[in-house]
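A.B. asks: Here it is: the structure, laid out below.
The values are calculated or read from the model by the stated rules, or taken from the named source; none is laboratory data. Keep in mind it's a predicted model, so treat the numbers as computed, not measured. As a convention, Cβ positions derive from the backbone with ideal geometry for all residues, glycine included, and neighbour counts pool all protein chains shown. The area values use the complete protein model at the heavy-atom level, side chains included, leaving out ligands, DNA and RNA. Shrake-Rupley method; radii C 1.70, N 1.55, O 1.52, S 1.80 Å.
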Amino acid sequence: MAADLMEIDDSLYSRQRYVLGDSAMHQMAQSSVFLSGMGGLGVEIAKNIVLAGVKAVTLHDTKQCETWDLGSNFFIHKEDVVSQRRSHSCPVIHLFMHTSKLNPYVHVDTCSSALDDNTDLSFLRKYQCVILTEARLSLQKRVNEFCHSQQPPIRFIGCDAYGICVRVFCDFGGEFEVSDPTGEEPKEIFIQSITQDSPGVVTCMDNQPHGLQTGQSVVFREVSGMMELNSTARQVSVLSPHSFAIGDTSQLQPYAHGGFFVLVKTPKTYKFETMEQQLCDPQVLTPDFSKPEAPLQIHAAMLALDTFQEQHSRLPNIGCLQDAEALLKLTEEVNATLKSKTPVNTELVRCLSRTARGTLPPLAAAVGGVASQEVLKAITGKFAPLQQWLYLDAIEVVRPLQSLSAEDFFPRGDRYDGLRACIGESMCLELHKLRVFMVGCGAIGCEMLKNFALLGVGLTKSSGEVCITDPDLIEKSNLNRQFLFRPHHIQKPKSTTAAEATHDINPDLQVDAHLNKVCPATENIYSDSFFTSLNLVVTALDNVEARRYVDSRCVSNQRPLLDSGTMGTKGHTEIIVPNLTESYNSHRDPPEEEIPFCTLKSFPSVIEHTIQWARDKFENAFVHKPSMYSSFWQTHSSAEVVLQRMQAGESLEGSFQVIKLLSRRPSQWEQCVTIARLKFEKYFKRKALQLLHSFPLDTRLKDGSLFWQSPKRPPAPIDFDLNDSLILSDVKIPEYKPSEKCIETDETAKKPDQMKMPVSSEEEREAIIQLEQAIATDRGLQMTPLQFEKDDDSNGHLDFVTSASSLRARMYSIEPADRLKTKRIAGKIIPAIATATAAVAGLVRTSHLTKKSIALLTFFALQMSPVPYPHHRTLLLMHRFDIFTMQYSNRSMASFPRNNIYFSIWDCWTIFGHEDFTLSDFMNAVREKYGIEPTMVVHGVKMLYVPVMPGHSKRLKLTMQKLIKPSVDRRYVDLTVSFAPEADGDEDLPGPPVRYYFSPDGETP
């Protein structure tokens, strides 16, 4: 079957489809990739592109694997090394066995033939993309020239990782057209006004930013008055964030009202040169603007390393000063040939010489993720490609280690020799002893665990441990990114399965897997003593609130935290270090805009509104009402007792709604059909008739403007029409009579609570009658709520939301969304792709020291001397734009409530009490110890003392034990204390947490 006709397996690829789109997915399904070099970098690329779903991948390698390959290649096991030595087989055979299981839709084969300067390259013509890793520069240039000369060009990518330095080179042909450089979905922006002028100026409604750039084009729709603009594209000239010019509109009709515009996506052509052409005048990406000279310095050093290998047929020896000087001399010679010269970084060259034989697994993972994304760009023509070189280094990792003896870096014949060549034996031992807690075992979590295994973090023999927790079960859609899982793992716990797979990579690792959430309810498990026993906390979570909670525990217990996340091709990493950086909670994203209640209920203007309305209807009908119904009957013993209490005039909360449900509860399929038919009439016909009755089309506001103007859309009633009318022959539709009820138009109004709505005496009498009838017909008193499950195509949940949303969209003349888009919006799916996950997970461990990312070396840093503040970095990664932005983590700032007193978020004041210690004693102790007058004391959500609250002054004499009521094993609590302002009328000042110990020695009282 042709690939463009193949149906995409949405159960596997759904998250990736939202990143790439179906057109790109089909192109991938027609593309074959050749990948040479199966070291740590090569296997990372192989994993990512197989998970992504290309048509075929050929894995090429001629080398035999050694023991130290176990430290960088997670698909090679110890027994593979032993059996290979006996059979003299090629490692690609072992890799084939593991890689081919990652994706049943990808054909994986192997090749172990020689690939050198004498090889006939014609066999490469059957591939759309060729990637070389671990290849000499002369071979890379030869293969690149061949690929560039083909018609159409074969996309070429060269990747190398030598110790602390990595590079990626891309050549996609002389001219490479990208259909969608950004991948961003164009938004509909509503129009406030358009001037009749030359040029005409468009102003966005409510000062909404348009996000346009001069030279782009937009298309107009639904404009009233200036009708000539509709369905036409106009090039824009940006005037402000909220306005732009569109050329001469003076001859058009005057603008009346309404309308919106959408950005027109236009292809862009990128030009590439061959590697040979690029060597002396490279086009490099600058990821770290604090050292813009670094890419060219690494370029010169790595080209010199290529020359060293050509001259000596080997890499520099570990710790060999003679080799380091030779490499430095070659670097100076190379630098002299560059058109854009920069001073040679002597320290970098010497560190590269010492570490070139080694490997940093997280750095390989990061550049492997980048290279994999470039492969997908090359074969799909989507997203801006890398032009043309990317260089990263991790010199900050090894800089503090230069005082160690050369012997510390020498191989010892085990799996850590590659890592040891970079960081030394002493640091490897420190990694082995680390105790790490990781929350979440999804896509990033799997990548983290793989890197932990390769680094030897938390070994049993060294009393180290990696504790992981995740309450979720594995679903099929996870298999596209979470590479530790296989089809036979579906519906098994993520944490225990990931632990087993990690142990398979490195049997010496100690992994303790839990199935818990980390939240206030599990503080008896993840207590303060648990957190203080850790060296490091890692979050691999997909929601902000969980991150904020874990961050608060880390701040409270002075533990470093590594956070990372992805959305589509975008990613970020952040390191949080006690007493040095801000915490995760120190910065907050703007709150997500909520759709006003009146917009959802009566005035939708975009498809997101109709999808959210349909989702709310699902929740109300199948979750909220059944839950309320079952909860009511669990509280009340029987319908007869409820009837007696209501007949006696007693008011029972929720009884009216429950009885209404009980009386209408269907017991036969025909009744379900009847209810559905009546719901259709209510939602898609009568709702429109009622709105038009309340607000006729010519309704005007007080200022004379039309009520029904953009963004408000007048509804059009939908008549029910079904060819097979026999099914509904008995459904009688009551005659429609318009109501005079008030329709909410205030966008600040909230949805009323139906449980608290007043009930009239007539409604109460009707409810009693309905309950009597329900008892007579023996209606059931239990309902089972249906939780919305977006990934099960057999349950009808998504079909309900899609159909209801589409019908409402049609009623309001909104372009409907297909099932895939509806699933993303209704299910709040975060687009995801394995390439971004791998890059972020690698970067989150490649420094806390390195300026190239953010955090492997929190591990190292914590075991060595304190790290200078400027080396803590935050990374923003945007694969689709080829943006890598490193910036300093914000420094922890001190607060100054008084001239001589200051504190930061990391400070915690302490007060030691005893059994008879009163609230007054506590406040006096704070005043005496810290010199500030407390004005308010809060424990969690409980206000212990607020002077203006009635009766709180009497609490001053109560003991802290009585006020707080701690559990028997509780040693302390953290209290929030506020202080009096310096000037009257100012607000109270918040202080740091005050840790109150219940006994003088801090032990359990």
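A.B. asks: So what's the convex hull volume per residue for the Cα atoms of region 897-989, in Å³?
C.D. replies: Details: hull volume 10.8 nm³, N = 93.
It is 116 Å³ per residue.
A.B. asks: Here's something else I'd like to know. With everything on Cα atoms, drop me the angle between helix 544-556 and the longest principal axis of the chain, reported from 0 to 90° to the nearest 10.
C.D. replies: Tilt relative to the chain: about 70 degrees.
A.B. asks: Hey, what did region 342-485 get for relative contact order, percent, Cα under 8 Å, at least 6 apart?
C.D. replies: Details: 140 pairs, mean separation 30.7, N = 144.
Reported relative contact order: 21 percent.
A.B. asks: Can you tell me which of 439-449, 362-372 comes out highest on packing, and rank the rest after it, using the mean Cβ neighbours within 10 Å? Let's see the in-between values first.
C.D. replies: Details: 439-449: 27.9, 362-372: 30.6.
Most protected by this proxy first, the peptides run 362-372, 439-449.
A.B. asks: Could I ask something else about it? Against the globular-protein guess of 2.2 N^0.38 Å, express the Cα radius of gyration of region 592-663 as a ratio, rounded to two decimals.
C.D. replies: Values: Rg = 17.0 Å, N = 72, 2.2 N^0.38 = 11.2 Å.
Normalised by 2.2 N^0.38 Å, the Cα Rg of region 592-663 equals 1.52.
A.B. asks: With N denoting the number of residues in region 348-453, provide Rg(C-alpha) divided by 2.2 N^0.38 Å, to two decimal places.
C.D. replies: It is 1.29.
A.B. asks: If the cut-off is a Cα-Cα distance under 23 Å, which lysines reach K954, setting aside same-chain residues fewer than 8 apart in sequence?
C.D. replies: K942, K962, K965
A.B. asks: How many percent of the accessible area of the chain is carbon or sulfur, using a 1.4 Å probe? Provide the component values of the computation, followed by the final result.
C.D. replies: Details: 23070 of 45080 Å².
Exposed carbon and sulfur together represent 51 percent of the surface.
A.B. asks: Ok, one more. Rank these residues by their accessible area, most exposed first, probe 1.4 Å: L561, L989.
C.D. replies: Numbers: L561 5, L989 55 Å².
Descending order: L989, L561.
A.B. asks: Here is a further query. Could you order E396, E789 by accessible surface area, starting with the largest, using a probe radius of 1.4 Å?
C.D. replies: E789, E396
A.B. asks: Check the straight Cα-Cα distances from K625 and name the aspartates and glutamates below 18 Å, setting aside those fewer than 8 residues away within the same chain.
C.D. replies: Within the straight-line cut-off, K625 pairs with D616, E653, D753, E789.
A.B. asks: Turning to a different aspect of this structure: Mind giving me the FRET efficiency for L722 and Q668? R0 is 22 Å, r the Cβ-Cβ distance, nearest 0.05 is fine. It would help to have the intermediate numbers written out before the result.
C.D. replies: Values: r = 20 Å, r/R0 = 0.90.
After rounding, the FRET efficiency stands at 0.65.
A.B. asks: How are the alpha carbon pair distances in region 171-329 distributed across 5 Å bins from zero to the largest one, expressed in percent?
C.D. replies: Bin by bin from 0 Å, the calculated values are 2, 8, 12, 13, 10, 8, 7, 7, 7, 6, 6, 5, 4, 3, 2, 1, 0.
A.B. asks: Also, I was wondering about something else. From largest to smallest, what semi-axes in whole angstrom does region 107-223 give when each is the square root of 5 times an eigenvalue of its alpha carbon gyration tensor? Numbers along the way, then the final one.
C.D. replies: Numbers: eigenvalues 488, 53, 36 Å².
Over the Cα atoms of region 107-223, the semi-axes work out to 49, 16, 13 Å.
A.B. asks: Lysine pairs in region 374-493 with Cα distance under 28 Å, only those 8 or more apart or on different chains: how many are there?
C.D. replies: The number of close lysine pairs in region 374-493 is 9.
A.B. asks: By how many degrees, between 0 and 90 and to the nearest 10, does the Cα long axis of helix 607-619 differ from the longest principal axis of the chain?
C.D. replies: 70 degrees
A.B. asks: Note the angle between two axes, namely the Cα long axis of helix 346-355 and the longest principal axis of the Cα atoms of the chain, as a number of degrees from 0 to 90, rounded to the nearest 10.
C.D. replies: 90 degrees
A.B. asks: On alpha carbon coordinates alone, what is the Rg over Rh value for region 569-714, Rh being the Kirkwood radius?
C.D. replies: Details: Rg = 23.7 Å, Rh = 20.7 Å.
Reported Rg/Rh, Kirkwood definition of Rh: 1.15.
A.B. asks: To continue, here is another question. With an 8 Å Cα cut-off and a minimum separation of 6 or more residues, compute the relative contact order for the chain in percent.
C.D. replies: Working: 1966 pairs, mean separation 119.8, N = 1005.
Reported as a whole number, the value is 12 percent.
A.B. asks: How big is the accessible area of M97 in square angstrom, nearest 10, if you roll a 1.4 angstrom probe over the protein chains?
C.D. replies: Roll a 1.4 Å probe over it and M97 shows about 100 Å².
A.B. asks: Put E333, E430, E44 in order of accessible area, largest first, 1.4 Å probe: what do you get? Please list the in-between numbers first.
C.D. replies: On the way: E333 100, E430 45, E44 0 Å².
Descending accessible area places them as E333, E430, E44.
A.B. asks: So what does log10 I(q)/I(0) come out to for region 172-231 at q = 0.28, 0.30 Å⁻¹, using the Debye formula with one equal point on every Cα and no solvent?
C.D. replies: -1.48, -1.54
A.B. asks: Treating only the Cα positions of region 23-136 as identical point scatterers, give the base-10 log of I(q)/I(0) from the Debye formula at each q in 0.16, 0.20 Å⁻¹.
C.D. replies: -0.72, -1.08
A.B. asks: Once you have all Cα-Cα distances for region 549-646, histogram them in 5 Å bins from zero and send the whole-percent values.
C.D. replies: 2, 9, 11, 9, 9, 9, 11, 13, 12, 7, 4, 3, 1, 0
A.B. asks: Restricting to the chain, compute how many DSSP beta bridges are antiparallel as a %, nearest 5. Before the final figure, lay out each step's value.
C.D. replies: Values: 73 of 117 bridges.
Antiparallel bridges make up about 60 percent of those DSSP assigns within the chain.
A.B. asks: Would you calculate a helix-derived [θ] at 222 nm for the chain, using -39,500 (n - 2.57) for each DSSP H run of n ≥ 4 and dividing by the full residue count, to the nearest 500? The partial results should precede the final answer.
C.D. replies: On the way: 31 runs with 338 residues, N = 1005.
Using -39500 (n - 2.57) per qualifying helix, the result is -10000 deg cm²/dmol.
A.B. asks: Then there is this: Taking only protein heavy atoms and a 1.4 Å probe, what accessible area per residue, in Å², does the chain have with all protein chains in place? Could the numbers behind the result be given before it?
C.D. replies: Numbers: 45080 Å² over 1005 residues.
I get 45 Å² per residue for this part.
A.B. asks: Quick check of the Kirkwood formula: for the chain, what is the inverse mean of 1/r over all pairs of different Cα atoms, in Å?
C.D. replies: On the way: mean 1/r = 0.0305 Å⁻¹.
Averaging 1/r across every pair of different Cα atoms and inverting gives 32.8 Å.
A.B. asks: What is the spin-label model distance, in nm, from I901 to S198 if the labels are put 7 Å beyond Cα along the C-beta direction?
C.D. replies: A separation of 7.1 nm, rounded to one decimal place.
A.B. asks: If you wrap region 254-405's Cα atoms in a convex hull and average its projection over all directions, what's the area in nm²?
C.D. replies: Working: hull surface 57.9 nm².
Directional mean of the projected Cα hull area for region 254-405 stands at 14.5 nm².
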